[in-house]
1. Return K39, K58 ranked ascending by Cβ neighbour count within 10 Å, so the fewest neighbours appear first.
2. Sorted from largest to smallest, which semi-axis lengths in Å does the alpha carbon gyration tensor of the stretch 2-45 give for its equivalent ellipsoid, taking the root of 5 times each eigenvalue?
3. Where does each of V27, V12 land when they are ranked from fewest to most other beta-carbon atoms within 10 angstrom?
4. Counting only other residues whose beta carbon sits under 14 Å from that of I31, what net charge do I get with K and R as +1, D and E as -1?
5. Calculate, for D10 and N57, the FRET efficiency according to 1/(1 + (r/R0)^6) with r their C-beta to C-beta distance and R0 30 Å; round to the nearest 0.05.
Amino acid sequence: MSDELASKIDTVAQGPASVRTDAGEVVAQSIPDMIEADKYLAGRAAQAAGNRGLRFNKLIPPGTT
């Protein structure tokens, strides 16, 4: 389901915002909307890849238990 959603968002972002027939008027997607769609899709891809960001580990030197 999430792959279908990402695919639909990508398709919609690439297409025009509105189209009017007869005169042939086409309005493109706004740049901020395209940037937000790109950020969203990149975030979803990072989440799917298992990248969790920062990881904190406690280091214990050998022999100090």
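Readers should treat all values here as calculations from the given coordinates under stated rules, not as data from a laboratory. Here the structure is a predicted model, which means the values were calculated and not measured. With ideal geometry, Cβ positions are generated from the backbone for all residues, glycine too; neighbour counts draw on all protein chains shown.
1. Details: K39 10, K58 4.
Ordered by Cβ neighbours within 10 Å, fewest first: K58, K39.
2. Ellipsoid semi-axes (Å, largest first): 25, 12, 4.
3. In order of increasing Cβ crowding within 10 Å: V27, V12.
4. My count for the surroundings of I31 gives -2.
5. Once rounded, the FRET efficiency stands at 0.25.
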